[in-house]
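The values are calculated or read from the model by the stated rules, or taken from the named source; none is laboratory data. Everything numeric in this text was worked out from a predicted model, so none of it was measured. Backbone-built Cβ (ideal geometry, glycine too); neighbour counts: all protein chains shown. Please note that ligands, DNA and RNA were not included when accessible areas were found on the heavy atoms of the full protein model with its side chains. Shrake-Rupley method; radii C 1.70, N 1.55, O 1.52, S 1.80 Å.
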Amino acid sequence: MEPPLVVRSCTAKNWEVYSAELASTASRWTKRPNLLGERAAVSNQTKGGSGCAEGYVTANVTSLVQGWANQGLATAGMGLKAENESDSFFWKRFNSGNATKNVPFISVTYDSAPQPGKDLTIAPPGFTYGGRAIVNSLTPSLTYQAGDATGGKVQALFQVFDANTELLVTEVRVPDAPSGTRVTGVVPAGQLQHGRPYKFRATSDGSAGNPAWSDWLVFDVDTAAPSAPTRITSEDYPTGQWVKGAGESGVFTVTPVGGDQHWLEWSLNNGSWTKVQVGTTTSPVGIPITPDQDGTNVLQVRTVDKADNRSEAISYQFHVGAGAVQTPNEGERAARRVLLTAEADGQKFDKVTFTWRRAETDPWTQVPPANVVASGKPLTTWPLPLAAGKNAPVTWNVTDTVNPDGNVQVRAEFTGPNGATGASGPSELVVDRNAESAESQEVGPGSVNLLTGEYSMTAQDASVLDLSVSRSVSSRRPDFGAKQEGQAPIFGKEWVSGTVAEVTESDFSHIRKTSNTSLDAVLQDGSTVRFTSRTGGGWVPEPGSESLTLAGSFTGTFTLTETEGTSTTFAKADPAATTWQVTSSQNQGQANSTTQVVSQTVAGPNNTKLARPWRLIAPSTSVPASTC
C-alpha cells in the first residue's frame with residue numbers, strides 16, 4: 001500500500017494499518033468506521049514535513065489482503081491511525097481516493113494455488129489391477145503430473161498412509177519441481193513392509209497449510225519371489241530324442257505351481273523371455289514354441305507374479321533335427337582358423353563330414369582335408385568318427401580354403417549303420433583375414449586393430465560445401481590403394497579414396513564381385529560388407545548387417561537401402577569395368593537429397609579399365625538437385 005503523505009515533522013513516527021468497517025456517506029471524523037482486529041501492518045515512513053517533500057509511503061499489508069482473499073470478501077475496508085495519537089509529531093495527512101492526483105493504491109502480486117496432483121503412478125513395476133497398484137520394492141518411486149496455472153515451480157509433496165490403519169507412514173518432498181512435468185519422489189528405506197497395503201496422494205502446494213490433494217492411489221507391497229513351475233514335458237520334442245527340425249513348431253507342457261503367480265515366462269537357448277498369462281491355475285499349460293536351430297536346445301520356464309517377481313527357472317533339454325554344427329558358432333568371424341565340431345543322434349549316426357559353400361544357391365563341397373588339422377596333423381580323409389554323437393574337435397584353416405574372404409555356410413553331414421544319412425542345418429561364418437570388426441584402440445591420428453596389430457588412418461583430404469573427399473591407409477596393406485579391384489589409386493598406391501556428401505552421409509564407394517554368387521559392398525575406408533545370393537532372388541547380408549537390403553544383379557545395377565532410409569545406387573562406369581561404382585545416393589522420402597557421383601574410366605594394368613571419381617554433385621538449400 002502506498003498513500004501520499006503530508007506531515008508536520010519529518011521525524012519518523014509509526015503509523016498503523018488495520019482492517020476496518022466500510023466507510024459511507026455518513027462517515028465523519030467524529031463518526032469514524034470501527035477498526036477491526038489486531039494491527040495488520042506498521043510503517044514509520046514519513047514525508048511532507050518541514051525540510052522534506054511530500055510523497056508516497058508504503059506499508060506491507062500482504063497478510064491483511066490475504067485474509068480478505070481467504071474469506072472470499074468482495075469488498076473490504078482499511079483504516080490508518082497514528083501509533084500515538086497524543087503526540088502531535090505523529091500527525092499525518094493522507095490523500096484520499098477522490099483526490100485529483102496522487103491517490104493511494106494497493107499493489108498486489110497474485111499467484112493462484114497450484115493444481116491438484118493427477119495421474120498418480122508407482123513403480124517398479126508400475127502395474128495396476130482394477131485400479132489398485134502393486135510394487136516389488138520397499139523403496140518405490142511415486143510419480144504424479146504437476147501443474148501450476150502460471151507455469152511456476154511447484155512444491156511437490158507425497159504422503160503415504162497405511163491403508164488399514166489410515167495412519168501417516170511417511171512424507172516425501174520434492175521442492176522447486178518444474179510445472180507441467182511428471183514429478184518423482186522415492187519412499188525412504190525402512191518405511192514400508194512386505195505384505196501390507198498402503199495408499200498415497202500428491203499435491204503441488206506442499207508448503208501450504210491446507211493444500212489441494214490428488215485422489216488416492218492404493219498399492220500393495222510384494223517383495224517375495226513365487227515358486228517355480230513343477231515340470232516341463234513335450235510330446236513333439238521328447239527329451240533324449242532327435243526329432244523334427246529347426247523352424248518346426250512344438251507344444252511344451254508346463255505344470256504351474258499356482259498360488260502367487262500371474263504369468264509363466266519362457267526363454268529358449270538363453271534368448272529373450274516371453275510371458276504367457278496363466279493366472280493362479282495349477283492345470284498344465286501348453287506353450288507353442290518354434291526352435292530356430294538344430295541340435296541341442298534348452299528351454300527355461302519360470303513363474304512371474306503380479307508384482308513382476310520371478311522364481312528360479314526350471315530347464316528342459318531337447319534335440320532338434322538329425323544333428324547340428326556346434327562350432328563355428330552362428331555368425332562367428334574367422335581371421336585364420338575355426339574349430340569344427342558337431343553333434344547328432346548317437347544311436348543312429350557314427351560318422352561326420354563337414355562341407356561348405358558361399359551362398360545358399362551354391363552346391364555343398366567338402367572342406368578340403370588338407371586344410372584341416374586333427375591331433376596336430378593334416379587330415380587325410382573324411383569322415384570323422386562320432387563318439388556318443390560328437391566328434392573330437394578339429395581345426396579348419398579356413399583362409400586356406402576360402403579366398404577371397406566373405407560369407408560362407410558350414411554343414412555337418414552324418415552317416416551311420418544300415419545306410420543312415422542326415423545333415424545339419426547351415427551355420428553362417430564370416431571369413432575376414434583382416435579382422436575388420438575386431439576391437440581397436442585409438443593411437444594418435446589413427447587406430448590399432450587389437451587382434452592383427454594393423455594401424456589404419458582415415459583423413460579428410462578436401463571439403464567444400466558439405467562435399468568431402470577422404471583417403472585411408474593401412475600398415476598391413478601398404479599397397480592397399482593399388483590393389484583395390486577396379487579402382488584407380490588417385491592418391492597413390494598406398495591410399496584408398498572415398499567421397500561423402502553430408503546430405504545423405506552414405507559411406508559406400510563401390511561393389512566388387514567375389515564369385516558368381518557373392519559380392520562385397522566396399523566402404524570409403526576400404527572395409528567391406530559381404531553379401532551372398534539368396535534362393536529365389538536377392539542377396540543375404542553378412543551376420544550383423546541385417547539393416548542393409550541389396551537389390552540388383554551382375555548384369556545390371558545395384559541398389560543398397562539402409563533401414564534409416566538412405567538409398568545408394570551402383571553402376572559400372574564402363575561395360576569393361578570389373579566393379580560397380582556409386583552413382584547416386586538419396587534419403588528416401590526427402591526431396592532434394594539426391595547426390596550424384598560421376599566416375600571416369602582410365603586404363604589400368606594389362607588393359608584393364610579402372611574407375612576414377614571425377615565429380616561429386618549434391619543439392620543445397622538454394623540449388624535443387626534438378627539444377628545440378
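Treating r as the C-beta distance of LYS153 and VAL42 and R0 as 30 Å, the FRET efficiency rounds to 0.40.
Could you pull out every one of the lysines with an alpha carbon less than 26 Å from that of LYS153, ignoring same-chain neighbours closer than 8 positions? Qualifying lysines at Cα under 26 Å: LYS118, LYS199.
Summarising the label geometry, the points placed 7 Å from Cα in the beta-carbon direction at GLN460 and GLU21 lie 8.5 nm from one another. As a length-normalised measure over Cα pairs under 8 Å and 6 or more apart, the relative contact order of the range 287-423 settles at 25 percent.
Modelled label positions at TYR129 and SER96, each set 7 Å beyond Cα in the direction of Cβ, lie 7.5 nm from each other. Helix 62-71 against the longest principal axis of the chain: what's the angle in degrees, Cα atoms only, rounded to the nearest 10? Helix 62-71 and the main axis of the chain meet at about 80 degrees.
The gain in end-to-end length when the LYS493 to LYS31 segment is fully stretched comes to 155.2 nm, 0.36 nm per residue minus the alpha carbon separation. FRET efficiency for ARG173 and ASN210, Cβ-Cβ distance as r, R0 = 22 Å, nearest 0.05? Calculated transfer efficiency: 0.85. When ARG39, ARG357, ARG433 are compared by accessible surface with a 1.4 Å probe, the order from highest to lowest is ARG39, ARG433, ARG357.
Taking one equal scatterer on every alpha-carbon of the range 165-256, how large is log10 of I(q)/I(0) by Debye at q = 0.21, 0.24, 0.25 1/Å? Values returned for q = 0.21, 0.24, 0.25 Å⁻¹ are -1.19, -1.33, -1.37.
Put simply, the amide H of MET78, placed in the peptide plane, has neighbours under 5 Å in ALA20, leaving out anything fewer than 5 places away on its chain. Restricting the calculation to Cα atoms, the range 54-186 shows an Rg/Rh of 1.24 when the hydrodynamic-style radius is the Kirkwood one. Remark: the chain projects, on average over all directions, an area of 51.3 nm² (convex hull of Cα atoms). Seen from ASN84, the other residues with C-beta closer than 11 Å to its C-beta sum to a net charge of -2, counting Lys and Arg as +1 and Asp and Glu as -1.
Each Cα pair under 8 Å and six or more residues apart adds its separation to the average, and for the chain the resulting relative contact order is 6 percent.
Work through the residues other than GLY406 whose Cβ is under 9 Å from its Cβ and net out their charges, Lys, Arg +1 and Asp, Glu -1. Neighbourhood net charge equals -2. The accessible area of CYS52, taken with all protein chains in place and a 1.4 Å probe, comes to roughly 40 Å².
Note on the chain: with neighbouring protein chains present and a 1.4 Å probe, carbon and sulfur make up 48 percent of its accessible heavy-atom surface. Taking all Cα pairs closer than 8 Å and separated by 6 or more residues, the relative contact order of the range 509-557 comes to 22 percent. Each residue, SER88 and GLU360, gets one label point 7 Å from its Cα in the Cβ direction; the gap between the two is 11.4 nm.
Ignoring lysines fewer than eight residues from LYS244 along the same chain, the ones with Cα atoms less than 29 angstrom from its Cα are LYS275, LYS348, LYS351, LYS390.
Of the residues LYS348, LYS81, the one with the largest accessible area comes first in the ranking LYS348, LYS81, computed with a 1.4 Å probe on protein heavy atoms. Between THR421 and LEU339, the FRET efficiency estimated from the beta carbon spacing at R0 = 25 angstrom works out to 0.55. Once the Cα-Cα distance is subtracted from the 0.36 nm per residue extended length, the SER515 to GLU439 segment shows a gain of 24.5 nm. Accessible surface for PHE554 stands near 40 Å², nearest 10, in the context of the full protein assembly shown (1.4 Å probe).
Overall dimensions of the range 185-326, expressed as equivalent-ellipsoid semi-axes from the Cα gyration tensor (√(5λ), whole Å, largest first), are 45, 15, 12.
In this structure ARG534 has an accessible area near 100 Å², from a 1.4 Å probe over the protein heavy atoms.
Of the options ASN606, LEU339, ALA324, report the single residue whose Cα projects farthest towards the positive end of the charge dipole of the chain (beta-carbon charges: Lys, Arg +1; Asp, Glu -1). So the residue we want is ASN606. Helices in the chain, meaning DSSP H runs of at least 4 residues, each add -39500 (n - 2.57). Divided by all residues, the mean residue ellipticity at 222 nm is -500 deg cm²/dmol. Solvent-accessible surface of the chain, averaged per residue with a 1.4 angstrom probe and all protein chains in place: 51 square angstrom.
You can think of it this way: the chain between ASP574 and ASN60 has 176.1 nm of extra reach, that is 0.36 nm per residue less the Cα-Cα gap. Globularity index of the range 72-133 is 2.55 (Cα radius of gyration / 2.2 N^0.38 Å, N = number of residues).
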